[in-house]
2 protein chains.
Amino acid sequence: MASAMNFNAMPVFKRSIDSPANSHNENGGAARRKPPTSYDVAKVAGVSQSAVSRAFSQGASISKKTRAAVMEAAGALDYRPNAIARSLIRRRSDIVGLVMADLTNPFYPEVLVKFTEQLQAIGKRVLLFTVPPNHSIDDTLPQVLQYQVGGVVITSATMSSAMAEICQRFNVPVVLFNRSVAVDSVSAVCCDNSSGAKAIVDFFIARGRRRLGFLSGDTDASTNIEREAGFRRRAAEHGIHAIETVAGGFSYEGGYKAALEIMARRPRPDALFAANDVMALGALDALRYQLGLDVPKDVAVIGFDDISAAAWPSYKLTTFRQPIDRMVAETIRVLGEEIEGEDRGGRTIQIAGRLIERGSA
Amino acid sequence: MASAMNFNAMPVFKRSIDSPANSHNENGGAARRKPPTSYDVAKVAGVSQSAVSRAFSQGASISKKTRAAVMEAAGALDYRPNAIARSLIRRRSDIVGLVMADLTNPFYPEVLVKFTEQLQAIGKRVLLFTVPPNHSIDDTLPQVLQYQVGGVVITSATMSSAMAEICQRFNVPVVLFNRSVAVDSVSAVCCDNSSGAKAIVDFFIARGRRRLGFLSGDTDASTNIEREAGFRRRAAEHGIHAIETVAGGFSYEGGYKAALEIMARRPRPDALFAANDVMALGALDALRYQLGLDVPKDVAVIGFDDISAAAWPSYKLTTFRQPIDRMVAETIRVLGEEIEGEDRGGRTIQIAGRLIERGSA
């Protein structure tokens, strides 16, 4: 099969990026076949060059018939459009590195889908990295930097200041999603966790609950720290200083076990705030099916996130909704500004969420 | 800030791919700064060149101290390793395009995580594409072809034979995950849906259930077609020919509504097979909380997939488990062979699953 592009000959490589076909072959070698351009494809398909571009784009205005003609001509000519080569030449990459640390929590697949959809809608692509168990983001970032990414979004994890400096030197902007800043130069977008926790305390207190318990996530995560601090601060304002706390590591299983443990404490809590929804679901199952308790009569439960399953009748979880759509849009906007050089980073943007009342509290 | 690479000068671009630094500057221009190589970084960091490579790889054996020294030297020298440029030159891309059509069904985020982890473990990267609502895979694939992908995996969707031909001409192997082949030249990896459906019928019959109902997914999806055909065939072998069927579109909400509709039919089913788990969860909630029925006493429910939530005590869903790990590993193996040119495609690989008995049937 004839190769679409000869990568040993860099001028050929360069020329393939949609400049009109040159009728001379400077290399002269029979072995070197000049790659076709979009103009060649347009000619064969009997369409304009812009129709060729549109045929390879999503959402572009193009008829099925025209696209089919372009694809057929492209196939016949061995034409291969090359977005990566184009971005190398323009020094602008439309690839965003998305580094995700915790995809077992169903909140993050929902976040991932939003990022992919929103980035794709503006012509960007997602190069996805997960942080394997027992690895840190600092282990993963050097690999991300090897790709021609225009910027990086990190979800559910933070980075060392040393690594932030490296990214800055590499001129790759990084925005943290759902983690507040550990490093001055790095921007972050998150929900207003503190206000969320405050609203949850007020909700419990208004319903006569005084024996508050907290199921914490990863104790060093900024989201957990902010939610716990906000919860304790507001409880103290209501005169409540003793709050039972058990760590559940942000997982369903962790929430299940933490609920069993916290309900063995005395005085037994009558209201539990779980630092995320999937822990709250685990807690609900433990309370109902292992301890035989009535939720919310015996103990009220509130989560944080509003994942899809929170609304399912088996759970009817009262929770504090993170506005994922807006948080993702804001993250993309901030990253875009930093890629364009309009802003040098270091912003923390908090977006307000809201309490969704269902049956569990 | 000095740019790490001068993309207007292709020889410079080429030279940056880790050949030892050339002490002459052929270009001679003051504006053109020669990009540093891994050898330069090694020299400054006082380590071997191989340590520089390892510092940018995940899972490679390297001490924190050595990596820190390399990253510091790389930062100071403005060294930017470039995996994409390397793959362009080698004509081998380590990027796999992953096209996902249905990420709202929680089975697919689980699949995505497995693909990302398993590909990452062998040094490959995932460039993720979602198919937006009202778009077809044929709309999305032309974009995927613009990137220097070594191969493409398509989950939960199939493609036209015209598009399969285009991909072949572009020399980009495509493997379908969880859809059987619509096109001769394209390989596919899926669960043995027919045997799964058969096992489910046998399970119901052995427990005295005779009034079978089927909650179907997307009626044109191969998984749905195979599961329904297997279900009907086996039921017929047991002398059962009338099977109530309502479409639920593979979603939670669809399963919820379909369960209400199917239970209004007469004779009322006493056993429901939902073509995937998330529909089964919706059905369970509808049966229990809207119709007030006892599951499994009044009606037994079995799903297909074994997503995480199936095991949660609120659902205890009996289901047919798809062996995701093995299916993903097999897909990656098949794709790898086709990328290497060892196989020209057209294989369909079915992997056996197994029935997981819980409380719902």
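Only the coordinates and a few stated rules stand behind these numbers; no lab work does. Every value quoted in this text rests on a predicted model; they were computed, and no experiment measured them. Neighbour counts are summed over all protein chains in view; Cβ atoms, including those assigned to glycine, are modelled from backbone coordinates with ideal geometry.
Give me the tail of P(r) for the stretch B:193-323 as a percent: Cα-Cα pairs with distance above 20 Å.
Counting pairs separated by more than 20 Å, the tail of P(r) holds 34 percent.
I'd like the mean, over residues of B:119-127, of how many other protein chain beta carbons sit within 10 Å of each residue's own Cβ.
Averaged over the peptide's residues, the number is 4.
Rounded to whole Hz and in sequence order, give me ³J(HN,Hα) for the stretch B:101-109 from the Karplus expression 6.51 cos²θ - 1.76 cosθ + 1.60, θ = phi - 60°, writing x for Gly and Pro.
After applying 6.51 cos²θ - 1.76 cosθ + 1.60, I find 9, 9, 8, 7, 6, x, 4, 6, x Hz.
Run lengths n ≥ 4 of DSSP H only: what is the helix-derived mean residue ellipticity at 222 nm for chain B, with -39500 (n - 2.57) per run over all residues, to the nearest 500?
Roughly -12000 deg cm²/dmol at 222 nm, from the helical runs in chain B.
Sorted from shortest, what are the nm distances separating the label point of residue B:76 from equivalent points in the other copies, each placed 7 Å from Cα along Cα to C-beta?
Going from nearest to farthest copy, the values are 5.9 nm.
Given label points at 7 Å from Cα along Cα→Cβ, what nm distances, shortest first, separate residue B:351 from the same residue in every other copy?
When each copy's label point is compared with this one, the spacings are 3.6 nm.
Considering amide H positions built from the backbone, and no H for Pro or chain starts, which residues 5 or more places from residue A:60, or on another chain, come under 5 Å of its amide H?
none
In what sequence do A:304, B:177 fall when counting other Cβ within 10 Å, fewest first?
Least crowded to most crowded, the residues run B:177, A:304.
Could you give the C-alpha radius of gyration of chain A expressed as a fraction of 2.2 N^0.38 Å, taking N as the number of residues it contains?
Ratio of Cα Rg to 2.2 N^0.38 Å: 1.28.
Sort out for me the Cα centre separation of the stretch B:190-231 from the stretch A:306-324, rounded to whole Å.
Going from one Cα centre to the other spans 31 Å.
Please compute the modelled spin-label separation between residue A:238 and residue B:233, points set 7 Å along Cα→Cβ, answer in nm with one decimal.
6.0 nm
Taking R0 as 25 Å, what's the FRET efficiency between residue A:352 and residue A:210 from their Cβ-Cβ distance, rounded to 0.05?
0.40
Viscosity 1.306 mPa s, temperature 10 °C: Stokes-Einstein D of the protein assembly as shown from its Kirkwood Cα radius, in µm² per second?
Translational diffusion coefficient: 57 µm²/s.
For chain B, which longest stretch is free of loop sites, where a loop site is one of the GluC sites (Glu not before Pro) that DSSP puts outside H, G, I, E and B and that has at most 14 other Cβ atoms within 10 Å?
Result, exposed sites excluded: B:27-339.
Which of the lysines could be linked to residue A:43 by a straight reach, that is with a Cα gap under 28 Å, when you skip same-chain ones fewer than 8 residues away?
Partners found: A:14, A:34, A:64, A:65.
Only counting other Cβ atoms within 10 Å, I'd like B:293, B:141, B:103 sorted with the fewest neighbours first.
B:293, B:103, B:141
Whole-Hz Karplus ³J(HN,Hα) for the stretch B:261-278, in order, using 6.51 cos²θ - 1.76 cosθ + 1.60 and θ = phi - 60°, x for Gly and Pro?
With coefficients 6.51, -1.76 and 1.60, one gets 5, 5, 6, 8, 6, 10, x, 5, x, 10, 7, 10, 10, 9, 5, 8, 5, 5 Hz.
Which order results if B:161, A:308, A:61, A:187 are arranged by neighbouring Cβ count within 10 Å, fewest first?
Ascending Cβ contact count within 10 Å gives the list A:61, B:161, A:308, A:187.
Which whole-Hz ³J(HN,Hα) couplings does the stretch B:73-80 yield from phi under the Karplus relation 6.51 cos²θ - 1.76 cosθ + 1.60, θ = phi - 60°, glycine and proline marked x?
Each residue of the stretch B:73-80 in turn: 5, 4, x, 4, 8, 6, 7, 10 Hz.
Give me, ordered by chain and number, the residues 5 or more places off residue A:186 or on other chains with an amide H under 5 Å from its own placed amide H.
Long-range HN contacts for residue A:186: A:346.
Given B:219, B:308, B:230, which one lies farthest toward the positive end of the charge dipole of the stretch B:193-323, if we put +1 on the Cβ of every Lys and Arg and -1 on the Cβ of every Asp and Glu?
B:230
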